[in-house]
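The values are calculated or read from the model by the stated rules, or taken from the named source; none is laboratory data. None of these values were measured; they are calculated from a predicted model. Cβ atoms come from the backbone with ideal geometry, glycine included; neighbour counts cover every protein chain shown. Ligands, DNA and RNA are excluded from the accessible area calculation, which covers all protein heavy atoms including side chains. Shrake-Rupley method; radii C 1.70, N 1.55, O 1.52, S 1.80 Å.
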Amino acid sequence: MAQHQLDIAWVPFDSVKAILQRVKTARSFFRHFPWIPTNVDLGVFGLTFNTARKPFDNPDVRWALILAIDIVDGVNVVLDGAATIDPIHIALTAPLYEGYFTKLEDWLKNFELDLGNGEKFKPYDPTVGFRLAELAKKKGYEISNNPEEIRRTFGPGWWKYAPDIAEKLLKKHGFYRDKDGKWHLPSGELWKITILATSPSSVNYESALIAAQSWRNFGIEVNIDSTDMMWVISPTGDFDVSTAWPNGWSGLGLDLLNVFKPFHSKYVVPVGENAPWGNHGRWSSPKMDEIIEALENTPLDDTEKLIELGLEGLKLLVREMPIVPTFNTFVGIVWDEYYWTNYPSAENYYWFPFHNYGCFKYVLPFLKSTQK
C-alpha cells in the first residue's frame, strides 16, 4: 500500500459538500445528504452547566434555558440540518438506540416539569427529527420517507422550544424582565452568560452558537468565549456554561458505568481543581452514587440488570439536566477512491469509519486497489 497515498481526510462540515461536488472520485459515509456519519460515534455534543455557580445550581433554571433553545432552527442554520439530534445523555448508535432509547421513549413523552401552582408541562417533542427532515427536503436534498430512517438519521426527538414555559420557570424563582425585555437575576443584576467554547474550527463550537443565539433572542446577554484553551479551563470550573463533551463516551456495550461514573460525589472537586471529563459542571446526587456503585458491582453478562440501572441513571440525568445533550458527534470525513476503495460506509459498514482512531488499522487490510 505504500506506493499510493490513502486520500482520506477530516474536514470542516461546510467543506464536505464542496469537495464531493468538485472531486468525481470523492465520497463520504452516505452517498446522499447528510453525507457525513452523524450517529456512529460514541460521543455526544452538548452544554455543561456549572452547578457550582449560581443560578446554574437550580434545575428549574437549567430547564428554562433548555426550553429557550430552538434546536431545529439552530441545527438547520448552523449545520444545514446535518445532525442527529439527541435528547438523552448517550449516543444514538444502533445498539444504544435499541438498548435504551426505545425503552425510554414512552417515559420521555410523559415526563413532566413542575411549573408551580399545580401547573405541569411535558417538555418532550417527538417531532423534532421529522421537522428537520422536512427542512432538508425543502432545500432539495434527497430524504427517505421511511419514518424510522428519519428518526435514526435526524434524531427521534428533543425538548420543545417553549420560551413561555421557560419564562414561568424563571419567574417562579424571582427572575424578571425589564422594560426592554432583558432578563435580570433575582438580585436585580442583569443576567449575563458566558459560554466557554473551543475555536470555531472545532466540532464542539456549534452547540455554543445555537444556544447563544436562542438565549439572546430570549432576552439574556450571552458571550461566547472561544479559545484553544477550552480543554484547560473547563475542568477547573471557571465557566458558566461549557461545550465540553457531556458524557465520558457512551458506555462499554450496554454498560453505562463510564457515562455515569464522573458524576459520583467522590469525584466532585472544588472550583479551581481539575474535575473529571464528563462532569466539569460538578453535579452529583446521592441517587446517582447508588446507581454508579450498583453498576460497579454488576457483572457484564447481567444485561438485564445493566439496562435497568442504565435507565435509572438516564432518567435522573433528564430530570436534573446538569448537562444537556444537543446532537451526536459528527465528523466531516471524506475520502478519494481514485487509488483505493472499500472504505467503511453506510452501505458497507463493516468497521468504524474514522481514520483518526487507532482502530483504523483494522480497515487497512480490507481496502481494495483500483490498480491505478
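Summary of values
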{"item": "Residues located in region 200-226, provided they are polar (S, T, N, Q), over 17 Å from THR329 (Cβ atoms) and either open to solvent by less than 30 Å² (accessible area, probe 1.4 Å) or within 20 Å of the chain's Cα centre (by Cα) (or both)", "result": "GLN213, SER214, SER226"}
{"item": "LYS137 being more than 22 Å from the chain's Cα centre (by Cα), charged (D, E, K, R) and open to solvent by 40 Å² or more (accessible area, probe 1.4 Å)", "result": "yes"}
{"item": "Residue that is modelled with pLDDT under 90, touching a helix residue (DSSP H, G or I) at 6+ places or on another chain (Cβ under 7 Å) and open to solvent by less than 10 Å² (accessible area, probe 1.4 Å), where the choices are GLY310, GLY332", "result": "GLY332"}
{"item": "Residue in region 36-57 that is polar (S, T, N, Q), open to solvent by 30 Å² or more (accessible area, probe 1.4 Å) and at pLDDT 90 or above present", "result": "no"}
{"item": "Some residue of region 168-181 being of a type outside the set (D, E, K, R), surrounded by fewer than 20 Cβ atoms within 10 Å (Cβ to Cβ) and under 22 Å from the mean Cα position of the chain (by Cα)", "result": "no"}
{"item": "For THR298: the one exception among (1) touching a Pro at 6+ places or on another chain (Cβ under 9 Å); (2) surrounded by fewer than 23 Cβ atoms within 10 Å (Cβ to Cβ); (3) among the polar types (S, T, N, Q)", "result": "(1)"}
{"item": "Failed item, numbered, when ILE233 is tested on (1) closer than 21 Å to ALA52 by Cβ; (2) part of a loop (DSSP other than H, G, I, E, B); (3) in contact with a Phe, Trp or Tyr (Cβ under 9 Å, 6 or more places away or on another chain)", "result": "(2)"}
{"item": "Filter result (modelled with pLDDT under 95 and assigned to a loop (DSSP other than H, G, I, E, B)) within region 237-255", "result": "THR243, ALA244, TRP245, PRO246, ASN247, GLY248, TRP249, SER250, GLY251, GLY253, LEU254"}
